Amino acid sequence: MRRFWSQLNPTFRGFLILALIALLVMVLNLYVTLAALYAIAGIAFFIAIAYFVYLLWRDRRQEIAVWPTHAKIAFYGGALVIVVALGGYFTERPSGLDALGFLLALGLAGFAMFRTWKDQHTYGY
């Protein structure tokens, strides 16, 4: 049996494991537990993203401190828009035009941050 399992296609083996987990959830009626775990995983993912962004900021905060005020406002404003948009996404799960607005907000705020960073790192004329 062990040899059969080890020689099984890895993708098919993964699907069998997922099917076994799904069957276990259905048989033991663990839908509420699964929903709670999904919510906890979403919150943990949001916290992990925030921590990663904080680490990036912490490494570069002395560099950002010497930027002009308008550049700092544009950069931190873009970051604030991204954080608010992600928070709204994780709470509301938008679809349709709301999802399009979410993606546009992320894209425009990210572009504003990128342009601000690039403008502050242009040393020549």
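Listed values, structure above:
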quantity	calculated
Computed [θ] at 222 nm, helices only, for the chain once each DSSP H run of length n ≥ 4 contributes -39500 (n - 2.57)	-30000 deg cm²/dmol
Full-stretch length increase - residue 59, residue 80 - with 0.36 nm per residue and alpha-carbon distance subtracted	5.7 nm
Under the Debye formula (equal points on every Cα, no solvent term), log10 I(q)/I(0) of the range 1-115 at q = 0.11, 0.21 Å⁻¹	-0.63, -1.16
Rounded accessible area per residue of the range 4-47, 1.4 Å, Å²	86 Å²
Of all accessible heavy-atom area on the range 1-120, the percent that carbon and sulfur account for (1.4 Å)	74 percent
Per-residue HN-Hα couplings for the range 85-100 [Karplus 6.51, -1.76, 1.60; θ = phi - 60°; Hz; x = Gly/Pro]	5, 5, x, x, 5, 6, 8, 9, 6, x, 9, x, 5, 5, 5, 5
Approximate spin-label separation residue 103-residue 118, in nm, with each point projected 7 Å along Cα-to-Cβ	2.1 nm
From phi via Karplus (6.51, -1.76, 1.60), per-residue ³J(HN,Hα) for the range 59-73 in Hz, x at Gly/Pro	6, 10, 5, 5, 5, 5, 5, 8, 6, x, 4, 5, 5, 5, 5
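The values are calculated or read from the model by the stated rules, or taken from the named source; none is laboratory data. The shown structure was predicted, so the numbers you read here are calculated from the model rather than taken from an experiment. Glycine gets a Cβ as well: all are built from the backbone with ideal geometry, and neighbour counts include every protein chain shown. Heads up: the accessible areas ignore ligands, DNA and RNA and are worked out on the full protein's heavy atoms, side chains in. Shrake-Rupley method; radii C 1.70, N 1.55, O 1.52, S 1.80 Å.
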